[in-house]
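Colleague: Supplied in structure tokens, the structure appears directly below.
The values are calculated or read from the model by the stated rules, or taken from the named source; none is laboratory data. Keep in mind that what you see is a predicted model, and the values were worked out from it rather than measured. With ideal geometry, Cβ positions are generated from the backbone for all residues, glycine too; neighbour counts draw on all protein chains shown.
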Amino acid sequence: MKYREIREQVIEASLKAQKLGLIRGTSGNISVRCEDSGLIAISPTSIPYEDLTPELVPLVDLDGNVVDGTTKPSSECPMHTAVMRNRKDVNAVVHTHSKFSTILSIIGQELPLITIPLLGYAPTPAPIVPFEIPGSAALAEAVVKGLGEKGSAVLMENHGMLAVGSTIDKAMTCTEYIEEGAEITFYCRLAGKVKGIDPQVLAEMIAILKSGRAL
């Protein structure tokens, strides 16, 4: 089988996201790029994650054309491929309909840098991209614009969130911390105050992380 490893990574990440409550049913989608060939393994549409086998995970090229597999790629394939076409540093994309990230996208609360774990995986605030029809080229374009050249995550209005990484492990960890940050932000709003980390301190902390030291 071609590229079994990245297909298995898609399955493992999907099952983990489901176990963590980040996705439910067949919602959400995950993709992993093979750095050597540029081909992308992406979760198929409408197949329960617990039923997935490597053979059921399709391979697509950067334009979304299926090059191997008999199943149909996720309807959000245009979004995944658009991100990877525009960001050579991104080799994994995770899209979920996780609860608190979705809530923030609905109430219009951009995710601030409010927790220390966010700094290591999403060192810039996660913006809200305007609502577009799921699976559309317009949504793909909006997400690419929201991520920019260095962003790690975006919240999609009335839809969910998307996180990226150089590996699937990094993209998944970013997803977990984005959702944690969204939950904390939501409860802080209920308490009446959302306070991000002081910009000067923030810069110092990010410098520490970039140097390889732990906080």
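Colleague: Which one of these does residue 160 not meet: (1) in contact (Cβ under 8 Å) with a residue 40 or more places away in the chain; (2) closer than 14 Å to residue 81 by Cα?
Modeller: Of the numbered conditions (1) in contact (Cβ under 8 Å) with a residue 40 or more places away in the chain; (2) closer than 14 Å to residue 81 by Cα, the odd one out for residue 160 is (2).
Colleague: Among (1) within 11 Å of residue 111 (Cβ to Cβ); (2) touching a residue at least 60 places away in the same chain (Cβ under 8 Å); (3) crowded, with 22+ Cβ neighbours inside 10 Å; (4) β-branched (Val, Ile, Thr), where does residue 168 come up short?
Modeller: (1)
Colleague: Same structure, new question: Exactly one of these conditions fails for residue 190: (1) part of a helix (DSSP H, G or I); (2) under 15 Å from residue 93 (Cβ atoms). Give me its number.
Modeller: (2)
Colleague: Does at least one position in region 19-42 carry a residue that is surrounded by fewer than 20 Cβ atoms within 10 Å (Cβ to Cβ), in a helix (DSSP H, G or I) and not hydroxyl-bearing (Ser, Thr, Tyr)?
Modeller: Within region 19-42, one or more residues are surrounded by fewer than 20 Cβ atoms within 10 Å (Cβ to Cβ), in a helix (DSSP H, G or I) and not hydroxyl-bearing (Ser, Thr, Tyr).
Colleague: Please give the number of the condition residue 70 fails out of (1) of a type outside the set (D, E, K, R); (2) surrounded by 15 or more Cβ atoms within 10 Å (Cβ to Cβ); (3) modelled with pLDDT under 95; (4) out of contact with any Leu (no Cβ under 7 Å at 6 or more places or on another chain).
Modeller: Answer for residue 70: the failing condition is (2).
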